[in-house]
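Note sheet for the following structure.
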Amino acid sequence: AVDMACEGPGAAPADLDGLRYIHANKTGAMVIAAVLCGAHLAGASAGDVSRLRMYARCIGLVYQVMDDVFDATASAAELGKTPGKDAKTGKATYVSFIGVDASIALADELTARAKAQLSRYPADKAAPLVALADYVRRVGTKSPLRTDACVAGGLVHYPSAGAEAAAEAAEADMPRCR
């Protein structure tokens, strides 16, 4: 609701911190919930949960930043929706506050921070989460992110399996992630 209250000319958050607040409590919260559910199901330690929370917070923000960049720079064919809507509606975006280049640099920095949270894990265990971070940065909102089930500590991806089948597959995979 905060994001909708801040749309339109003169109604945008006064600064970048206001925009960060909106995104942290929007996409960021959803990504954090998904990652932490997987972490808890996998029996992650408090330290792992903390690292995965930071990873997810960064990835959620990368998604929002790149959504803003793609809205300003991509074609309708690439987006699958009308580009430029943010600027036309006076929506507060990273691009409107800091520009396209700085937004891309911020997304790169956040992606690196997210991946740094995974550096203490074996490469084969961290690889799916590293790949997800790179995917969100590279493709972000230009393509639907279809992850029906994931288990942090060995992100398991069950594309188009449907919620029930994905849940069964994730449950069957749990011993592998512990």
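The values are calculated or read from the model by the stated rules, or taken from the named source; none is laboratory data. Owing to the predicted nature of the structure, the values given are computational and were not obtained by experimental measurement. No Cβ is skipped: glycine too gets one built from the backbone with ideal geometry, and neighbour counts run over all protein chains shown. Accessible surface is based on the protein model in full, side chains and every heavy atom, while ligands, DNA and RNA are left aside. Shrake-Rupley method; radii C 1.70, N 1.55, O 1.52, S 1.80 Å.
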Between A29 and A116, the two model label points (7 Å from Cα along the beta-carbon direction) sit apart by a distance in nm of 2.7
So for the stretch 26-93, using the alpha carbon gyration tensor with a ≥ b ≥ c as root eigenvalues (a/c under 1.5 gives rounded; past that, a/b versus b/c decides prolate or oblate), I'd call it prolate
Sorting I32, I98 on solvent-accessible surface, 1.4 Å probe, most exposed first, gives I98, I32
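How much length, in nm to one decimal, is gained on full extension between D124 and S96, taken as 0.36 nm per residue of separation minus their Cα-Cα distance?
The D124-S96 span can extend by a further 6.2 nm.
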Phi-derived 3J(HN,Hα) across the stretch 98-108 with the Karplus relation (6.51, -1.76, 1.60, θ = phi - 60°), rounded Hz, x for Gly and Pro, is 10, x, 5, 4, 5, 5, 5, 4, 5, 4, 5
Note: K81 to D15 extended length (0.36 nm per residue) minus current alpha-carbon separation gives 21.0 nm
Expressed as a percent, the accessible surface of the stretch 49-106 that is carbon or sulfur, using a 1.4 Å probe and the full set of protein chains, is 56
